[in-house]
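Right, one structure below, let's go through it.
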């Protein structure tokens, strides 16, 4: 059958951006200029306006609000930390051992305790986002049903236990997660062959386009200038050059995530090739009938993940579709960008097959396919930076765990720009340097090879009935910097 392919995303197609005429560029010097109209930029403007009602604030967006990852993601307002927890902890311990000063980590916390503080701040962010949506009457189809990571193989179940132990080590308490057996798992969602799962109640499902567009409406009403269809070029101290002319500002935030390489300048955290765009693709089914949901369950509208190496993420939407994503065709040579989000046919079929393996009796049709770009660093860890001399801040590298992290990043950038020491400025992603990506064609070969290895490992575990993660998969994860 035919389906929509691209159009940025199902979320944006269902909730098209409000008609707009691009706001005139401000001629006066702004207190804050934000480059990027995604969630990080929107939350930054929101909290800057709360703290400084008199500030002049402008957002520069190349396309329209939510065009990038903020309008294309899986809609998980999740507890998942944006990076490799072990690497953050190691960086903090390394800094402590060398008596380094600066905002990386807290002087009175070791690496593990610092990551625990990071996790606690993410828990708080989910609460705060939901409170803001309620206070500002933004309907983003938010439901706090939690998320559940399900294992369909014995090796996957071994990883469930490993995940449970690692979560406990890094700050999850008994109230933050539950280890479920096969029957308890199927009571929630009847995934074929489910052997068990980890359930995390703190996560909320959202429609990301509605969240981004709702925030934009609130900001416009509060006097924030949003200049859509305005492409930033060079960014320097006090000025952002655009295709429509310069915008001057006392402070500048760069919030471009996977699109970070589209601007130039001596920007903190973006020197060289520190961030690349990695694609994640999604499909959405037609709305399923009530009889299908009686068979599947999923009445709590949990966000659904699995423990495969090439993992999926899914949600039951407000209008009873299944939206499911995964990592098919993850990278284009030369760090190409996804444009309007068209997905190769073979990737759509891969995702369709994966959904069928979860619910083999389900009769469904794909109605929409799309893809977006994640910002990924060499060690898969996010970073928050602020250059006091230039007064330029950068947030980047969420690696697919950004819906909650954007909120926390925005509040952290505000504190960094204010020059104050707060619990947020001590979190370990502050000034976390991830290293440089290899040049092409090594980068392209490495990323493609890594995903082929992980795909092969998933097939091997399923066919052989392996009881633990294969050495090949461990090698692929270490090669990519994913292993904790």
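The values are calculated or read from the model by the stated rules, or taken from the named source; none is laboratory data. Please read these numbers as outputs of a predicted model, since none were measured by experiment. In this analysis, Cβ positions are derived from the backbone assuming ideal geometry, glycine residues included, and neighbour counts consider all displayed protein chains.
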With respect to residue 173, determine if the residue is farther than 19 Å from residue 403 by Cβ and either buried (at least 21 other Cβ atoms within 10 Å of the Cβ) or touching a strand residue (DSSP E or B) at 6+ places or on another chain (Cβ under 7 Å) (or both). no
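Checking the conditions here, which among 328, 233, 249 is assigned to a loop (DSSP other than H, G, I, E, B) and in contact (Cβ under 8 Å) with a residue 24 or more places away in the chain? Walk me through it before giving the result.
On the way: 233 fails: assigned to a loop (DSSP other than H, G, I, E, B); 249 fails: assigned to a loop (DSSP other than H, G, I, E, B).
Of 328, 233, 249, the one residue that is assigned to a loop (DSSP other than H, G, I, E, B) and in contact (Cβ under 8 Å) with a residue 24 or more places away in the chain is 328.
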Checking the structure you have, find out if any residue of region 144-158 is assigned to a helix (DSSP H, G or I) and within 30 Å of residue 92 (Cβ to Cβ). yes
Please find, among 220, 186, the residue that is in a helix (DSSP H, G or I), under 26 Å from residue 14 (Cβ atoms), out of contact with any helix residue (DSSP H, G or I) (no Cβ under 8 Å at 6 or more places or on another chain) and at pLDDT 95 or above. 220
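Within the group 171, 193, which residue is touching a helix residue (DSSP H, G or I) at 6+ places or on another chain (Cβ under 6 Å) and either part of a loop (DSSP other than H, G, I, E, B) or modelled with pLDDT of 95 or more (or both)?
After ruling out the rest, the residue left standing is 171.
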Checking 414, 420 in turn, the sole residue that is within 24 Å of residue 51 (Cα to Cα), assigned to a helix (DSSP H, G or I) and more than 18 Å from the chain's Cα centre (by Cα) turns out to be 414
Is at least one residue of region 245-253 touching a helix residue (DSSP H, G or I) at 6+ places or on another chain (Cβ under 9 Å) and surrounded by 18 or more Cβ atoms within 10 Å (Cβ to Cβ)? yes
Can you find even one residue in region 352-368 that is closer than 27 Å to residue 90 by Cβ and either crowded, with 18+ Cβ neighbours inside 10 Å or out of contact with any strand residue (DSSP E or B) (no Cβ under 8 Å at 6 or more places or on another chain) (or both)? no
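Okay, residues lined up against (1) over 19 Å from the mean Cα position of the chain (by Cα); (2) crowded, with 24+ Cβ neighbours inside 10 Å:
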| position | (1), (2) |
| --- | --- |
| 30 | yes, no |
| 35 | no, yes |
| 51 | yes, no |
| 56 | yes, no |
| 60 | yes, yes |
| 66 | no, yes |
| 70 | no, yes |
| 93 | yes, no |
| 98 | yes, no |
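Does region 273-286 include one or more residues that are touching a strand residue (DSSP E or B) at 6+ places or on another chain (Cβ under 7 Å), part of a loop (DSSP other than H, G, I, E, B) and buried (at least 18 other Cβ atoms within 10 Å of the Cβ)?
yes
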Single unsatisfied condition, residue 112 versus (1) surrounded by fewer than 20 Cβ atoms within 10 Å (Cβ to Cβ); (2) touching a helix residue (DSSP H, G or I) at 6+ places or on another chain (Cβ under 6 Å); (3) touching a residue at least 60 places away in the same chain (Cβ under 8 Å): (3)
Is it the case, given these coordinates, that residue 302 is in contact with a helix residue (DSSP H, G or I) (Cβ under 7 Å, 6 or more places away or on another chain), farther than 28 Å from residue 443 by Cβ and surrounded by fewer than 18 Cβ atoms within 10 Å (Cβ to Cβ)? no
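Residues checked against (1) within 12 Å of residue 212 (Cβ to Cβ); (2) in contact with a helix residue (DSSP H, G or I) (Cβ under 7 Å, 6 or more places away or on another chain); (3) part of a loop (DSSP other than H, G, I, E, B); (4) at pLDDT below 95:
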site	(1), (2), (3), (4)
2	no, no, yes, yes
11	yes, yes, no, no
28	no, no, yes, no
44	no, yes, no, no
55	no, yes, yes, no
58	no, no, no, no
80	no, no, yes, no
Could you tell me which numbered condition residue 117 fails, if it satisfies all but one of (1) closer than 27 Å to residue 321 by Cα; (2) in contact with a helix residue (DSSP H, G or I) (Cβ under 9 Å, 6 or more places away or on another chain)? (1)
